[in-house]
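Chemist: My structure is below; once you've seen it, I'll send some questions.
The values are calculated or read from the model by the stated rules, or taken from the named source; none is laboratory data. Because the structure is a prediction, the values reported are computed rather than measured. A quick note on method: Cβ atoms are made from the backbone with ideal geometry, for glycine too, and the neighbour counts reach across all protein chains shown. Just the protein is used for accessible areas: all its heavy atoms, side chains included, with ligands, DNA and RNA removed. Shrake-Rupley method; radii C 1.70, N 1.55, O 1.52, S 1.80 Å.
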Amino acid sequence: MAKQTVKRKRTLIKIATQVTNYTEGVGASTEWQTISVCVGHAMPDNAPIMSDCLYCEWLGSYGSVAIQQQADGVTRPARVRMPFVQSVYDALLAGDVRIYLDGKTDAAHTFTLASAADNYLNENKMLEFNVKQYSTR
């Protein structure tokens, strides 16, 4: 069996989770907070370098799958493949997430999960999941 890999990590995405904070006298407020991951360490004190920018392979859907999803109101289905990141995988499995295409947080670039995240062959090397966007007109 041929191994699948992430071939082209050219598309910038940001992944955000829903966070609710309670302030006494004001109440609860909910916001979307992007997931930051360690991308390296700075010299000389070895401090972690954190970033919320993730690069992935973004593949648009086509054919019978895309036609069925358009009938259900989904306007932009896609499949995302990216290198495995444990904190991203946990967020994709645990809760409500938003995926921001090109790092832009407006409605035209915001996607939601269409399927559960897959840790391909349980090797902790690649994540694969489908995203969707409903019409925002």
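Chemist: Go through region 80-97 and count every residue that is open to solvent by 80 Å² or more (accessible area, probe 1.4 Å) and modelled with pLDDT of 90 or more.
Modeler: So the answer is 2.
Chemist: I need every pair where a residue in region 82-98 that is at negative phi has its Cβ under 7 Å from the Cβ of a residue that is hydroxyl-bearing (Ser, Thr, Tyr), sequence separation at least 6 or different chains.
Modeler: Ala91/Thr17; Gly95/Thr17; Val97/Thr17; Arg98/Thr110; Arg98/Thr112
Let's see how each residue does on (1) open to solvent by 40 Å² or more (accessible area, probe 1.4 Å); (2) within 17 Å of Leu101 (Cα to Cα); (3) modelled with pLDDT of 75 or more:
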residue: Ile15; (1), (2), (3): no, yes, yes
residue: Thr20; (1), (2), (3): yes, no, yes
residue: Ala28; (1), (2), (3): yes, no, yes
residue: Thr34; (1), (2), (3): yes, yes, yes
residue: Gly40; (1), (2), (3): no, no, yes
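Chemist: Additional query: Just checking, how many residues over region 71-85 are over 11 Å from the mean Cα position of the chain (by Cα) and not in a loop (DSSP other than H, G, I, E, B)?
Modeler: Total satisfying the criteria: 4.
Chemist: In addition: Can you find even one residue in region 101-124 that is without any contact (Cβ under 8 Å) to a residue 12 or more places away in the chain, open to solvent by 40 Å² or more (accessible area, probe 1.4 Å) and polar (S, T, N, Q)?
Modeler: yes
Chemist: Moving on. Could you list all residues from region 116-137 that are under 20 Å from Gly73 (Cβ atoms) and in contact with a Phe, Trp or Tyr (Cβ under 6 Å, 6 or more places away or on another chain)?
Modeler: Val131, Gln133
Chemist: Let me ask something else. Is it true that Ala116 is assigned to a helix (DSSP H, G or I) and either of a type in the set (A, V, I, L, M, F, W, C) or under 20 Å from Met50 (Cα atoms) (or both)?
Modeler: No, not satisfied.
Chemist: Go through (1) in contact with a Pro (Cβ under 9 Å, 6 or more places away or on another chain); (2) open to solvent by less than 60 Å² (accessible area, probe 1.4 Å); (3) modelled with pLDDT of 90 or more for Gly60 and report which single condition fails.
Modeler: All conditions pass for Gly60, except number (3).
Conditions (1) part of a strand (DSSP E or B); (2) in contact with a Cys (Cβ under 8 Å, 6 or more places away or on another chain), marked per residue:
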| site | (1), (2) |
| --- | --- |
| Gly25 | no, no |
| Thr30 | yes, no |
| Pro48 | yes, yes |
| Ser87 | no, no |
| Ala108 | no, no |
| Thr112 | yes, no |
